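Student: Quick one: the structure is below, questions incoming.
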Amino acid sequence: MPKGKNQGERALYDELVQRARETSLLGSCSAVLGWDEQTYMPEGAAAHRGEQMALLAGLAHERATAPRMGELLEALGESSLAADGDSIEGANVRQLKRDYDRRTKLPRPLVEELARTTSLAQQEWIVARRESDYKRFQPWLERVVDLKRKESECVGAGQDARGRDAAALVYDPLLDEYEQGAETTRLRTLFTALRQELTPLVGEIVEAAKNRPGHAGILERSFPVDRQKTFGEAAASALGFDFQRGRLDVSAHPFCTGIGPGDVRVTTRYDERQFGDAFFGVLHEVGHGLYEQGLPVEQYGTPAGEAASLGVHESQSRLWENAVGRSPAFWRYWFPMARRVFHESLHDVSIDRFLAAVNQVEPTLIRVQADEVTYNLHILIRFELEQALLAGDLAAADLPSAWNDAYRETLGIVPKNDAEGCLQDVHWSAGLFGYFPTYSLGNVYAAQLFQKARRDLPALDESFDRGEYHELLAWLRDKVHIHGQRYAPATLIERAVEGPIDSHVLIAALRHKYGSLYNL
């Protein structure tokens, strides 16, 4: 290729990257405001924050859909730089083109109204959840659902309708934002398989639990919040979370947000009588944080410097929370320290009883407190309900009763109030329709990643015994974190585990672990 042409392509590519980074900077400003809204912002600032978020969303949309972006992407689409779709340059051009095509289908007024409405809706959700008052939140949910339908209609214009029902047609465009390549019909197949395998396993465990003493009460003793915070931060640091480049705060709903290089925020929530709620919330969100801190800094602002998908992101949090954090090897190191920190509550507890408590399986109402075995059933319920809401098959006014019926049918329990029912999650107030199924995809990915890590690192348990996790973190950095969006989510996982994605690995891991714990 002539040298001049090569230089010309590079100049176009450099301009594309610069523009993408400027858009990302606007997004990072929104992320700071979003973090502040969930942590320290006074309730009275909600309306003003909504206007701030709307303005930033509009500015970011304007920059991301500027005609010059389209010109650059068209010019680079057939260039030698983009010829290898798995190269850094090729991946950036491919993913920025995907983002451009999606954004240009959305009118700026809709983007701004979504940002404004969801900002206000999240504040209303906080109050409604606190007061267990769904009626207060209902009109906001109706407005968000209406806006998300409009978004789906814009983004999905021209999609192939063959093989898709009405719910899939409105759901797929929203799902694709979070898990590129995922389809509603395939997820239904996955959830059907998980339901068929998990429901009888839960039944076997519940039956076996009748013949053994319960241990969950151990985690409901008094665990002073200040000591929980210290203990959680120590564990987070040991796992590899860099507090020089991140922080841990409190919010109504735990979350992680990557503001940018050197700034990753995670949150949890504390309850003196619920040790597991905060501690495993910390491990979960730190798993997300480790992924954010492991992304290539030099690629910040481009797809190659961003997480592959929410399903991949969730695989990191679930791996650290469950595969590591609930393992015997993890607690062989941490339990002696826990007994010292919480001596009044744990002095009479053996490590075996404690392990039984942190791995107790029991149908419960709150998703973020659910055990590994029942967790995906919580996701299945939300997956089905949000499809119905978007398709118009379920009115927002009927959500509480539909939610309660689903819990009765699936888990055999019914919420006593809206706070422990349909108001427990922040997602719908934030407009995150299509987000929930990525949690289950993350569980499937995590099981396979951890299985492969154990094969590649046979001394993993011994390192956990010593409170050392750098080998596992380095393995995840190499297999997942450093690649950003160079590969499609499914391809990234298949490359890491050297095989196809297979939900049976998750089921087998759960049967092995809990079969042993419950003598099945």
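Student: Roughly what % of Cα-Cα distances in the stretch 390-496 sit above 25 Å, to the whole percent?
Tutor: Of all Cα-Cα pairs in the stretch 390-496, 47 percent lie more than 25 Å apart.
Student: Roughly speaking, what is the stretch gain from Ser401 to Asp271, that is 0.36 nm per residue apart minus the C-alpha to C-alpha distance, in nm to one decimal?
Tutor: Additional length available on full extension: 44.0 nm.
Student: Still on this structure, I have one more. Label points 7 Å out from Cα along the Cβ direction at Glu74 and Ala252: separation in nm?
Tutor: Here the answer is 4.6 nm between the modelled labels.
Student: Over the stretch 130-195, what per residue volume does the convex hull of the Cα atoms give, in whole Å³?
Tutor: Considering the Cα atoms of the stretch 130-195, their hull volume per residue is 135 Å³.
Student: Return the Cα extents of the stretch 366-425 along principal axes one, two and three, sorted largest first, each rounded to a whole Å.
Tutor: Extents along the principal axes, in whole Å: 32, 21, 20.
Student: Here's something else I'd like to know. I'd like the trypsin sites (Lys or Arg not before Pro) in the stretch 195-257 restricted to DSSP loop residues with at most 11 other Cβ atoms within 10 Å, sorted by number.
Tutor: The qualifying sites are Lys210.
Student: Helix-only mean residue ellipticity at 222 nm, the chain, DSSP H runs n ≥ 4 weighted -39,500 (n - 2.57), per residue, nearest 500. What is it?
Tutor: -21000 deg cm²/dmol
Student: Give me the net charge for the shell around Gly34: Cβ to Cβ below 10 angstrom, other residues only, Lys and Arg +1, Asp and Glu -1.
Tutor: That sum, taken over residues with Cβ under 10 Å, equals 0.
Student: Classify the stretch 184-517 as rounded, prolate or oblate, taking a ≥ b ≥ c as the square roots of the eigenvalues of its Cα gyration tensor: rounded when a/c is under 1.5, otherwise prolate if a/b is larger than b/c and oblate if not.
Tutor: The shape class here is rounded.
Student: In the chain, if the dipole is taken from +1 on Lys/Arg beta carbons and -1 on Asp/Glu beta carbons about the Cα centre, which of Thr438, His288, Leu411 is farthest to the positive end?
Tutor: His288
Student: Rounded if a/c is under 1.5, else prolate if a/b is larger than b/c, else oblate: which is the stretch 3-158, with a ≥ b ≥ c the root eigenvalues of its Cα gyration tensor?
Tutor: Prolate shape, in that a/c is at least 1.5 and a/b is the bigger ratio.
Student: Here's another thing I want to ask about it. Rounded to two decimals, what is Rg over Rh for the stretch 62-149 when you use alpha-carbon atoms and the Kirkwood radius?
Tutor: So for the stretch 62-149, dividing Rg by the Kirkwood Rh gives 1.23.
Student: Counting only C-alpha contacts under 8 Å and six or more residues apart, can you give the relative contact order of the chain as a whole percent?
Tutor: It comes to 20 percent, rounded to a whole number.
Student: Which percent, to the nearest 5, of DSSP beta bridges fully inside the chain are antiparallel?
Tutor: Counting only bridges with both partners in the chain, antiparallel ones make up about 45 percent.
Student: Which entries of Lys148/Lys452; Lys210/Lys513; Lys229/Lys479; Lys97/Lys148; Lys105/Lys135; Lys210/Lys452 show an alpha-carbon separation above 29 angstrom in the structure shown?
Tutor: Long pairs (Cα-Cα over 29 Å): Lys148/Lys452; Lys229/Lys479; Lys105/Lys135; Lys210/Lys452.
Student: Hey, another quick one. Using only the Cα atoms of the stretch 182-299, what are the Rg and Dmax in Å?
Tutor: 18.6, 56
Every number in this text was worked out from the coordinates using simple rules, so none of it is lab data. Just so it is clear, the model here is predicted, and its values are computed rather than measured. With ideal geometry, Cβ positions are generated from the backbone for all residues, glycine too; neighbour counts draw on all protein chains shown.
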